[in-house]
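K.L.:
If you scroll down you'll find the structure; I have some questions about it.
What follows draws every value from the coordinates through simple rules; no lab data is involved. Bear in mind that the values here come from a model prediction, so they are computed numbers and not experimental data. When we count neighbours, we look across all protein chains shown, and the Cβ atoms used for this are built from the backbone with ideal geometry, even at glycine.
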Amino acid sequence: MLPFENIHQAYENVTKKTLTLWEASAGCGHVRNEPFYHPTKLAFSSGNRPALSRDLLSLLCALQEVTKDDPLADLNPVDGVHFSFFPISNALYDNVEQVPERDEVRDIFTRCCAGHVMHISQLRLVALPNQILLAGIPDARSLEVRQRLADALLASPWQDKVRARYPSGDIPQLFWHSTLLRYSADVVSPALHALFLRFQNHNFGEVSLPVRLVMCNYNWQQVAFLA
């Protein structure tokens, strides 16, 4: 199976499994006591924020309406919607100046990714038990460049931080996505389930984004561009 087919099938499989779980769930299950991520700590990552299409803005407005009185819903702010290229570390830092070795990461990033533009097409919603993603299919060049960046970081003194970011998954990650919503329970609310079904088969088009090296918090409300 080609890489693009693997990615597409992974989206199909996880959404099918999640929908089965949602349909079998009574309510939202157990509530999480801890946030998904620290709200202000910064991580090293790479990616960028897209211009938002009319269709995507309509989706975000619908999500806002459904979640406006729901304290368990953490909807990514409109100005923080982003697509990650390769997240590099966990959120460990209070500020950029705390990391003098950031120049080393910048050098590796520049060597591997300078000038690269990632293209993600066939954007569609993907469901996880307590998250809603907007995910798509990357271009072949982006697969190559991202793998080169991951390999270079894993061959550097940053390898432990990278491996800590991916304790049980592939390096790099399989999905090419933006997390639109996180829900602090086992599963999302029935209202979010219904909204997902409403938009499930919608094609949200594509994005083309220059890849940037950043330090950011989890929802890109705090972002420092390093390269």
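K.L.:
Round to the nearest 10 and give me the degree value, 0 to 90, for the angle of helix 54-67's Cα axis relative to the longest principal axis of the chain.
P.N.:
60 degrees
K.L.:
Nearest 10 degrees, 0 to 90: what angle lies between the long axis of helix 3-24 and the longest principal axis of the chain (Cα atoms)?
P.N.:
Taking the Cα atoms of the chain, the angle to 3-24 is about 40 degrees.
K.L.:
Given only helices, namely DSSP H runs of n ≥ 4 each adding -39500 (n - 2.57), what is the per-residue ellipticity at 222 nm of the chain, to the nearest 500 deg cm²/dmol?
P.N.:
Values: 6 runs with 80 residues, N = 227.
Roughly -11000 deg cm²/dmol at 222 nm, from the helical runs in the chain.
K.L.:
Could you tell me what a quarter of the Cα convex hull surface of the range 1-88 works out to, in nm² with one decimal place? Don't skip to the answer; put the middle values down first.
P.N.:
Details: hull surface 33.8 nm².
Its average projected convex-hull area is 8.5 nm².
K.L.:
Here's another thing I want to ask about it. What does the charge dipole of the chain about its Cα centre add up to, to the nearest 20 debye, if the Cβ of each Lys and Arg holds +1 and the Cβ of each Asp and Glu holds -1?
P.N.:
Numbers: 20 positive and 23 negative charges, 40 e Å.
That gives the chain a dipole magnitude of about 200 debye.
K.L.:
In degrees, nearest 10, range 0 to 90: what is the angle between the Cα axis of helix 102-113 and the longest Cα principal axis of the chain?
P.N.:
That helix lies at roughly 80 degrees to the long axis.
K.L.:
Next up: Which whole-number percent gives the relative contact order of the range 13-114, counting Cα pairs below 8 Å spaced six or more residues apart?
P.N.:
The normalised contact order for the range 13-114 reaches 39 percent.
K.L.:
Over the chain, calculate the relative contact order: mean separation of alpha carbon pairs under 8 Å at least 6 apart, over the residue count, as a percent.
P.N.:
On the way: 396 pairs, mean separation 82.5, N = 227.
It rounds to 36 percent for the chain.
K.L.:
On full extension of the chain, what length is gained from residue 13 through residue 148, given 0.36 nm per residue of separation minus the C-alpha to C-alpha distance? Don't jump to the answer; show the numbers that get you there.
P.N.:
Values: separation 135, 0.36 × 135 = 48.60 nm, distance 2.74 nm.
Contour length minus the Cα-Cα distance gives 45.9 nm.
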